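No lab work stands behind these numbers, since they all come straight from the coordinates. Keep in mind that this is a model prediction, so the values were computed, not measured. When we count neighbours, we look across all protein chains shown, and the Cβ atoms used for this are built from the backbone with ideal geometry, even at glycine.
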Amino acid sequence: MLRWIGNALNSSVGKKIVMGLTGLLLVGFLVEHLHGNLKLYEGDGTGFNEYVEFLQGFGPLLVLAELGLVALFLCHIFLALRLTLENRQARKHRYAVRNNRGKESFGSVSMFATGALILGYLIKHLIDYRFADGFFDDPKGAVANTLSQPGNAVIYMIAAVVLGVHLSHGFRSAFQSIGASHPKLDAILDKAGIAVAVFFAVGFGSFPVYYLFFWSPSS
Amino acid sequence: MSGDASHETMRITLKVWRQSNAEADGRIETYHVSDVSPHMSFLEMLDVVNERLLGQGKDPIAFDHDCREGICGACSLMIDGRAHGPEAETTACQLHMRHYNDGDTIHVEPWRANAFPVVRDLVVDRSAFDRIIAAGGFVSTPAGSACDANSLPIAKENAELAMDAAACIGCGACVAACPNAAAMLFTSAKVAHLSLLPQGQPERDARVIAMVDAMDDEGFGNCTNHFECMAACPKGISVENIARMNREYLRASLVSRSVE
């Protein structure tokens, strides 16, 4: 009865549609994440504490949302592994000489590497905050404490840039994968893909820069 | 013959993949070719090399070719790491030696993809494409004799898009150039071509599912939207067709009454 779903999801087209959709949903998460983080700049971070309290107020619903997020990540990561392995397998004998024609980009050829780096960063990020003792007592203090350490700040800056590189291909590519392509749309997407990448890299990258260089404990 | 240009010749060093049969280990061999006329096509230059090899009692370099007019899709050479060589929208048979300089070294390899096994030297087996077409790249409606003009209206825009997709000659450059060895551009061109025309409608849903299944069964890679295929295509087939196939596949999966 449900075999058609399995067939569709296992096909090369089904896989890329799911990859694109989960990617776009994760970009949706990034939008809300950045929105929340920007409250760190509001009233010396008190806005951020209020935001965290607001989220905590959802109780079980928040746990449900977190589980949904975990499912999205797992789906995206599982497909990335599968696509990468299958695509390596598809050309066992490599070319002695290969030149591209300028269509593939640094972002497109490094998707797996940037994705793996983001996953590594994500684990550190969760340990730093979500699963850190006392984070929920004073969220803004925990952020300041982490990001004012040069080692951490540099890792967070690099992660923001890596995220931007991932999105420089991923955002544009997701629309193509779900079939949203049209001369009118493509012209916008080509620019929007880069704009989205820069937006998130600068947005998330601003926090370690701020806490490392412009923030002092007394302020 | 008059004019100096016709008497100019070039010396070219070729590094060519030689493999005596499908099972044999191949290797790259070097050939020094003098007396290459800039007016020769790339394939004519290989003909000259082969004449010489035959004269020496050696095996000529096997390569696919047929019309030599750029419309049959037989030629399939990876030249200096680019499918059909350096020129845009040009098959290897239409690539001329005037694009090279005296003393150049040129690497020639066969298409590389598990789904395109090497048969001999530069010849690969592209019957995987035939099997994708056999899975649904046709209309079963008896076409009969030509009908009266305008009895079957087709929007101009759709006719143009279908014609653009139908320009695919099935050479396999898209697979060869794809970092993932995916066959999406080829398959999507065939799906798009028929899905845009009224004659293709009765089998529209079954076609896209059957052709994608057949493509996956052949062991091609998955498309990750590098778009190298479009840049390598000698007929300039657009990746817009891939997006169309993705839509067609999604639609067919949802509306088709088959539960298999």
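Exposure proxy for A:Met157, B:Met163: other Cβ atoms within 10 Å of each Cβ, ordered fewest to most, give B:Met163, A:Met157.
Taking every DSSP beta bridge that has both ends in the protein assembly as shown, the antiparallel portion is near 75%. Arranged from fewest to most other beta-carbon atoms within 10 Å of their beta carbon, A:Phe136, B:Phe220 become A:Phe136, B:Phe220.
With Cα atoms defining each centre, segment A:28-52 and segment B:165-240 are spaced 45 Å apart in the structure. Protection proxy ranking for A:102-112, B:224-234, using the average of other Cβ atoms within 10 Å per residue and placing the highest first: B:224-234, A:102-112.
Overall dimensions of segment B:86-135, expressed as equivalent-ellipsoid semi-axes from the Cα gyration tensor (√(5λ), whole Å, largest first), are 29, 14, 8. Against the main long axis of the alpha-carbon atoms of chain A, helix A:150-177 sits at an angle near 40°.
Positive-end ranking of B:Met78, B:Ser151, B:Ala252 along the dipole of chain B, with charges on Cβ about the Cα centre, is headed by B:Ala252. Once the Cβ-Cβ distance of A:Asn37 and A:Leu185 is raised to the sixth power relative to R0 = 30 Å, the FRET efficiency obtained is 0.50.
In percent, rounded to a whole number, the relative contact order of chain B is 19, using alpha-carbon pairs under 8 Å and six or more apart. Using the Cα gyration tensor of segment B:127-255, with a ≥ b ≥ c the square roots of its eigenvalues, what is the shape: rounded (a/c below 1.5), prolate (a/b larger than b/c) or oblate (neither)? It comes out prolate by the Cα gyration axes. Here the 3J(HN,Hα) profile of segment A:45-61, calculated from phi with Karplus coefficients 6.51, -1.76 and 1.60 at θ = phi - 60°, is x, 5, x, 5, 4, 5, 5, 4, 4, 4, 5, 4, x, 6, x, x, 5 Hz, Gly and Pro shown as x. Hey, for a label at A:Ser105 modelled as a point 7 Å past Cα toward Cβ, could you say which residues of segment B:196-232 have their backbone N under 19 Å away? Zone members listed by number: B:223-232. Among A:Arg91, A:Arg101, A:Arg130, the residue with the largest mean-square fluctuation in a Gaussian network model of chain A, with springs joining Cα atoms closer than 10 Å, is A:Arg101.
Residue-normalised convex hull volume from the C-alpha trace of the protein assembly as shown: 220 Å³ per residue.
Under the criterion of Cα pairs below 8 Å and six or more residues apart, the relative contact order for chain A equals 27 percent. Of all beta bridges that DSSP places with both ends in chain B, some 75 percent have antiparallel geometry.
Long hydrophobic helices in chain B: the complete DSSP H runs spanning 18 Å or more by Cα along their own axis with mean Kyte-Doolittle hydropathy of at least 0.0 are B:42-55. Restricting the calculation to alpha carbons of segment A:129-189 gives Rg and Dmax of 18.4, 52 angstrom.
Quick one: angle between helix A:12-38 and the longest Cα principal axis of chain A, in degrees between 0 and 90, rounded to 10, please. Value to nearest ten degrees: 20.
Each part gets one Cα centre, and for segment A:146-219 versus segment A:56-133 those centres are 15 Å apart.
Using Cα-only point scatterers and the Debye equation, what is log10 of I(q)/I(0) for chain B at each q in 0.12, 0.17 Å⁻¹, rounded to two decimals? Per q value, in the given order, log10 I(q)/I(0) is -0.77, -1.24. Can you figure out the FRET efficiency of B:Asp217 with A:Ala195, using R₀ = 41 Å and their beta-carbon distance, to the nearest 0.05? Once rounded, the FRET efficiency stands at 0.55. Remark: the Cα gyration tensor places segment B:5-120 in the oblate category, a/c being 1.5 or greater and a/b not exceeding b/c.
Of the residues B:Ile242, B:Trp17, B:Pro202, the one whose Cα sits farthest towards the positive end of the charge dipole of the protein assembly as shown is B:Pro202 (charges of +1 on Lys and Arg Cβ, -1 on Asp and Glu Cβ, taken about the Cα centre).
Diffusion coefficient of segment A:14-214 by Stokes-Einstein, Kirkwood radius over Cα pairs, 20 °C, 1.002 mPa s: 115 µm²/s. With N as its number of residues, segment A:15-110 has a Cα radius of gyration that, divided by 2.2 N^0.38 Å, comes to 1.59.
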